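The values are calculated or read from the model by the stated rules, or taken from the named source; none is laboratory data. Here the structure is a predicted model, which means the values were calculated and not measured. Note that each Cβ is placed from the backbone with ideal geometry, even for glycine, and that neighbours are counted across all protein chains shown.
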Amino acid sequence: MEKVSFNDYIEQQYELIKKRDPAIKTIKEVKLYPSFWAVWEYMKAHELFLQGKFYEARKVSQQAARDTGIEIHPGATIGENFFVDHGHGVVVGETTIIGDNVTLYQQVTLGGTGKEHGKRHPTVGNNVLIGAGAKVLGSITIGDNVKVGAGSVVITDVPSNTTVVGVPGRIVRMDNVKVEIEDLDQVDIPDPISVDIMALKRDNEEMRKCLHKLEKLLKKESD
């Protein structure tokens, strides 16, 4: 994430937030967004972290976490146009790598599994949306143009141009076959469990019809 002056940062954030949150009306409102301050403080903390001033970096990031509800470890690497909508409860781990144009919603965790060392947090590609309450865990890779549905738990790699839903996360759309990725929000995502239940119901009906025909045939033969 490129270092900029505070005034330039305000303008950048205003343009960014306008595209992702229709609630904003004036440039002054950018300072009311927790994401605005969390990212600004992250940039300062990350610079300190790269200088080897680990305590000072954590002190900045922990104060930002208390103030905004968004905890971004100063060791994380974050690309351009990163935005956290609402933001409370968001956690971004130390070895997380985030690409450009990524949006996280409240209570998202980009965390570790507790069993890994070294690179233990996710790598997230470009143009990714991760819905409210989703957990992306471990040293996995989330490809470009991916949507992760609200409440999903993702613990394996996700290829680009897909939509992932459920616990554990399952791919329900690939290569925009049925839904254009860029037009998909965190709500308008199919429920794979409901889809499976409907498929089971259809199979059950077909089986019942077959059994009914077989019963009639057997009865006819016995008569």
Testing Asp185 on (1) part of a loop (DSSP other than H, G, I, E, B); (2) farther than 24 Å from Ile70 by Cα; (3) at pLDDT below 80, one condition comes back false. Which one is that? (2)
Restricting region 69-112 to residues that are among the aliphatic types (A, V, I, L, M) and over 24 Å from Glu56 (Cβ atoms), the one surrounded by the fewest Cβ atoms within 10 Å (Cβ to Cβ) turns out to be Val102
Does Glu41 count as surrounded by 19 or more Cβ atoms within 10 Å (Cβ to Cβ), more than 16 Å from Ile140 (Cβ to Cβ) and of a type in the set (Asp, Glu)? yes
Restricting region 11-38 to residues that are buried (at least 20 other Cβ atoms within 10 Å of the Cβ) and among the aliphatic types (A, V, I, L, M), which is farthest from Gly89 (Cα to Cα)? Leu16
Could you list all residues from region 120-173 that are surrounded by fewer than 19 Cβ atoms within 10 Å (Cβ to Cβ) and in contact with a Leu (Cβ under 8 Å, 6 or more places away or on another chain)? Val153, Ile155
